[in-house]
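In what follows, a single structure is set out as structure tokens and then discussed.
The values are calculated or read from the model by the stated rules, or taken from the named source; none is laboratory data. Since we're looking at a predicted model, the values are computed, not measured. In this analysis, Cβ positions are derived from the backbone assuming ideal geometry, glycine residues included, and neighbour counts consider all displayed protein chains.
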Amino acid sequence: MPIEALPLSTAKRIGSTQVIFDPCSVVKELLDNSLDARATSVSIEISSNTVDVIQVRDNGHGITNEDCSLVCVSHCTSKLRDFSELHVLGGTWLGFRGEALSSLAEISGQLTITTRVEGEIAARKLEIGKNGEITGFDFLPFLNLEEESDADKKQSGNSLASSGDHGSRY
């Protein structure tokens, strides 16, 4: 299901508000996103002071080009369309309100998301501003497809890091 904005009435009813309030919540939310993306491998890098660097990489399904513009916009999600759908979400998704990445972008100042969907020859690197808007975009070559193994050609996933107002990354 593509990422779409929740109706305002649904966003209010499920209590969608800022969910990032400390480095532990950053890791928890990014790990939840990795698991929701069906990742089977996740690596987490955290600086010794837990502020300069918090980066999560996974081999989940990646973010499609069509979903990139809404990935960090508050109240936008691919898991839910209406409040009435909450009863079927139990146990299916860890995150569904569309708040984790928008909150992370807001507090960090500059969020970087690198993502690749299976079969794509290049990853997309997105720079996200405080309001969830894309402030920069680039393609990063993956590998020469002729040199890739079959497993490499299927590899997809995400890497999320951010740089705050003072050069910190989450």
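Go through ARG38, ARG13, ARG97 for me and flag whichever is of a type in the set (Lys, Arg), more than 15 Å from ILE113 (Cβ to Cβ) and modelled with pLDDT of 85 or more. Break it down stepwise before answering.
On the way: ARG13 fails: modelled with pLDDT of 85 or more; ARG97 fails: modelled with pLDDT of 85 or more.
Only one candidate qualifies: ARG38.
When you scan region 1-42, how many residues do you find that are closer than 22 Å to THR64 by Cβ, over 15 Å from the mean Cα position of the chain (by Cα) and buried (at least 18 other Cβ atoms within 10 Å of the Cβ)?
The qualifying residues number 1.
Restricting attention to region 41-59, which residues are at pLDDT 90 or above and touching a Gly at 6+ places or on another chain (Cβ under 9 Å)?
SER41, VAL42, ARG57, ASP58, ASN59
Looking at (1) among the β-branched types (Val, Ile, Thr); (2) closer than 12 Å to GLU99 by Cα; (3) assigned to a strand (DSSP E or B), which is the only condition VAL73 fails?
It is condition (3) that VAL73 fails.
Quickly run through region 43-74 and pick out the residues that are crowded, with 20+ Cβ neighbours inside 10 Å and on the phi > 0 side of the Ramachandran plot.
If the condition is that a residue be crowded, with 20+ Cβ neighbours inside 10 Å and on the phi > 0 side of the Ramachandran plot, then GLY62 is the only one that fits.
Which of the numbered conditions does GLU106 fail, given that it passes all the others? Conditions: (1) part of a loop (DSSP other than H, G, I, E, B); (2) modelled with pLDDT of 85 or more; (3) surrounded by 16 or more Cβ atoms within 10 Å (Cβ to Cβ).
Failing condition for GLU106: (1).
Return the residues of region 16-46 that are assigned to a loop (DSSP other than H, G, I, E, B) and free of Cβ contacts under 8 Å to residues at least 12 places away in the same chain; say none if nothing qualifies.
PHE21, ASP22
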